[in-house]
Amino acid sequence: MPLRTRRWNDPQQPGDGLRLLISRYRPRGLSKGKETWDEWRKELGPTPELLAAFHGKRGGPPLSWPEYRKRYLAEMRERTSAIDELARRVAAGEALTLLCSSACTDPAHCHRTLLKGLIEARLAAGKSSSSDRGGIRRRGSGALP
């Protein structure tokens with residue numbers, strides 16, 4: 001499947017296809033001429049409030065990964081059309097690479113991996129709905145976890 005994840009500063013690889021920055025904030029101090037992405041989809045990054053809570057910037061302890069994951073997935077329930085669009089593009093054969101912060105060194109604990117999972121779930125739901133229902137998707141199918 002042509003869907004990958006990387007950090008924005010990871011070198012471009014053959015097959016990356018369209019590189020999408022999915023971070024709420026644009027990297028600081030980086031001139032437009034040095035951007036490594038083709039599109040910036042900040043609405044697919046965690047909200048500023050969630051980021052601050054995750055890093056403990058609201059006066060409390062940093063959020064645990066399970067709590068961050070739960071809240072990010074809840075935020076993405078408001079972004080179903082954007083996720084559907086990316087799933088359609090991948091289903092049509094377009095290669096996409098989801099990029100996030102250079103500071104995010106553990107893909108297993110990063111929203112880019114969560115978003116990839118949501119897109120993959122949409123792809124799987126689309127395949128099963130096409131074969132199970134003669135290519136017609138029922139309204140409300142493919143809900144986010």
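The values are calculated or read from the model by the stated rules, or taken from the named source; none is laboratory data. What you see is a predicted model, and the numbers here were worked out from it, not measured in a lab. Quick reminder, even Gly has a Cβ in these numbers, built from the backbone with ideal geometry, and neighbours come from all protein chains shown. The accessibility values were calculated without ligands, DNA or RNA, using every heavy atom of the protein model including side chains. Shrake-Rupley method; radii C 1.70, N 1.55, O 1.52, S 1.80 Å.
Output the qualifying pairs, or none if there are none: Cβ atoms under 8 angstrom, residues six or more apart or on different chains, first residue in the stretch 117-133 and part of a helix (DSSP H, G or I), second residue charged (D, E, K, R) and modelled with pLDDT under 90.
Going by the 8 Å Cβ cut-off, the qualifying pairs are Gly126/Arg137; Ser129/Arg137; Ser129/Arg138; Ser130/Arg137.
Looking at the stretch 94-103, can you tell me whether even one residue there is touching a Ser or Thr at 6+ places or on another chain (Cβ under 9 Å), farther than 23 Å from Lys127 by Cα, open to solvent by 50 Å² or more (accessible area, probe 1.4 Å) and at pLDDT 90 or above? Don't jump to the end; show me each part of the working.
Of all residues in the stretch 94-103, those touching a Ser or Thr at 6+ places or on another chain (Cβ under 9 Å) come to 97-101.
Those still in the list that are farther than 23 Å from Lys127 by Cα too: 99-101.
Filter again for open to solvent by 50 Å² or more (accessible area, probe 1.4 Å), leaving none.
Checked against the condition, which is being touching a Ser or Thr at 6+ places or on another chain (Cβ under 9 Å), farther than 23 Å from Lys127 by Cα, open to solvent by 50 Å² or more (accessible area, probe 1.4 Å) and at pLDDT 90 or above, the stretch 94-103 yields no hits at all.
Condition check: surrounded by 12 or more Cβ atoms within 10 Å (Cβ to Cβ) and at pLDDT below 70. Does Leu123 satisfy that? If you could, list the steps in order and put the result at the bottom.
Working: surrounded by 12 or more Cβ atoms within 10 Å (Cβ to Cβ): yes; at pLDDT below 70: no.
In short, no.
Would you say Ala82 is on the phi < 0 side of the Ramachandran plot and without any contact (Cβ under 8 Å) to a residue 24 or more places away in the chain? Can you show your working first?
Numbers: on the phi < 0 side of the Ramachandran plot: yes; without any contact (Cβ under 8 Å) to a residue 24 or more places away in the chain: no.
Against the criterion (on the phi < 0 side of the Ramachandran plot and without any contact (Cβ under 8 Å) to a residue 24 or more places away in the chain), Ala82 does not qualify.
Can you tell me which residue within the stretch 6-33, out of those that are open to solvent by less than 40 Å² (accessible area, probe 1.4 Å) and under 13 Å from the mean Cα position of the chain (by Cα), is modelled with the lowest pLDDT?
Ser23
Of the numbered conditions (1) over 19 Å from His109 (Cα atoms); (2) of a type in the set (Ser, Thr, Tyr); (3) surrounded by fewer than 14 Cβ atoms within 10 Å (Cβ to Cβ), Thr36 fails exactly one; give the number of that condition.
Here Thr36 clears every test but (3).
Scan the stretch 48-66 residue by residue and report those that are open to solvent by 30 Å² or more (accessible area, probe 1.4 Å) and either touching a residue at least 24 places away in the same chain (Cβ under 8 Å) or among the hydrophobic types (A, V, I, L, M, F, W, C) (or both).
Kept after step one, since they are open to solvent by 30 Å² or more (accessible area, probe 1.4 Å), are these residues of the stretch 48-66: 48-49, 51, 54-55, 57-66.
Residues satisfying the conditions are Pro48, Leu51, Phe54, Leu63, Trp65.
Would you pick out the residues in the stretch 65-88 that are out of contact with any helix residue (DSSP H, G or I) (no Cβ under 9 Å at 6 or more places or on another chain) and farther than 20 Å from Ala125 by Cβ?
Pro66, Lys70
Say whether the condition of being in a loop (DSSP other than H, G, I, E, B) and either open to solvent by 60 Å² or more (accessible area, probe 1.4 Å) or basic (Lys, Arg) (or both) is met by at least one residue in the stretch 67-86.
No: zero hits.
Pull out all pairs, ordered by first then second residue, where Cβ-Cβ is under 7 Å, the residues are six or more apart or on different chains, the first lies in the stretch 1-29 and is touching a residue at least 12 places away in the same chain (Cβ under 8 Å), and the second is aliphatic (A, V, I, L, M) and open to solvent by 30 Å² or more (accessible area, probe 1.4 Å).
That search, which allows pairs on different chains as well, returns Arg24/Leu51.
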